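Trainee: First the structure, then my questions, so here it is.
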């Protein structure tokens, strides 16, 4: 293998930066949600929390790619990242990159523990262990559970503690809609890759349920968040500002249509993981904007 010198852009590309809304949005939504409910928020600590979870996410992406390459999940005929398969990077380079990112995340995490308190250490260690074990849990059809924990429940609870000094369970009202769209990013990959995943000898939810059922699961994951938001407003749990997230509904419907087309033609949903990450970004930004506007005009 010819090892070449990589540009900074290529190293960044190796972390799959398009997926970062999946980790960044729960942190940002939590801060805005708490602020809109009258909680005093320490914004600069929130910025550190945002940086930390993106570092953990980037490290986890690289680590997962190494495991997928070694296991044969990523091969010449698979979609997704191809930097290892196409020998643009070596596995050793990916291992070093993952190590650097994990060390940076741990150091920053410990700094935040010193600035806040030990409850953050418990949440942080749990998140880091799940991230490191994710490839093997994913191979045992537990990837969806890990994603909802790592990119919804834990970061939202952790962020609430970091920015307010308390673990505030009320942030979990938004964990389901934000988390479900994030899980859908993984789920579309697994539906798309059932043939190659079966060949690699791993187990995923779509392999257990079948592709057709998996397609309907994706539909629920991207549409239920909108129903949930309407329910929160109707029950008086959330303000009318939350309804701004409905502006993302056309994009969700478009993704669902693409998904159903992909159930017949695999290539048609080759990049739907990126489209679902885009949905996560738009949904969360609209939700936050609605909360900000609603709070300012009270």
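Trainee: Taking the highest mean first, how do the peptides 248-257, 160-169 order by number of other beta carbon atoms within 10 angstrom per residue?
Mentor: Ranking, from highest mean packing down: 160-169, 248-257.
Trainee: Before rounding to the nearest 500, sum -39500 (n - 2.57) across all DSSP H runs of length at least 4 in the chain and divide by the residue total; then give [θ] at 222 nm in deg cm²/dmol.
Mentor: Theoretical 222 nm ellipticity from helices: -23500 deg cm²/dmol.
Trainee: Right, next: In Å, the Kirkwood hydrodynamic radius of the stretch 145-298 over pairs of distinct alpha carbons?
Mentor: Result for the stretch 145-298, one decimal place: 16.4 Å.
Trainee: Taking a ≥ b ≥ c as the square roots of the eigenvalues of the Cα gyration tensor of the stretch 1-68, is the shape rounded (a/c under 1.5), prolate (a/b larger than b/c) or oblate?
Mentor: prolate
Trainee: If R0 is 22 Å, what FRET efficiency do you get for residue 99 and residue 136 from their C-beta distance, rounded to 0.05?
Mentor: 0.75
Trainee: Quick check: from the Cα gyration tensor, does the chain come out rounded (a/c under 1.5), prolate or oblate?
Mentor: In terms of gyration-tensor shape, oblate.
Trainee: For the stretch 95-165, just say rounded, prolate or oblate: build the C-alpha gyration tensor, square-root its eigenvalues into a ≥ b ≥ c, call rounded for a/c under 1.5, and beyond that prolate if a/b exceeds b/c, oblate if not.
Mentor: It is oblate, given that a/c is not under 1.5 and a/b is not larger than b/c.
Trainee: I need to check one value: relative contact order of the stretch 11-296, counting alpha carbon pairs closer than 8 Å and at least 6 residues apart, in percent.
Mentor: 23 percent
Read-outs throughout are calculated quantities, based only on the coordinates presented, and are distinct from any laboratory measurement. None of these values were measured; they are calculated from a predicted model. Neighbour counts are summed over all protein chains in view; Cβ atoms, including those assigned to glycine, are modelled from backbone coordinates with ideal geometry.
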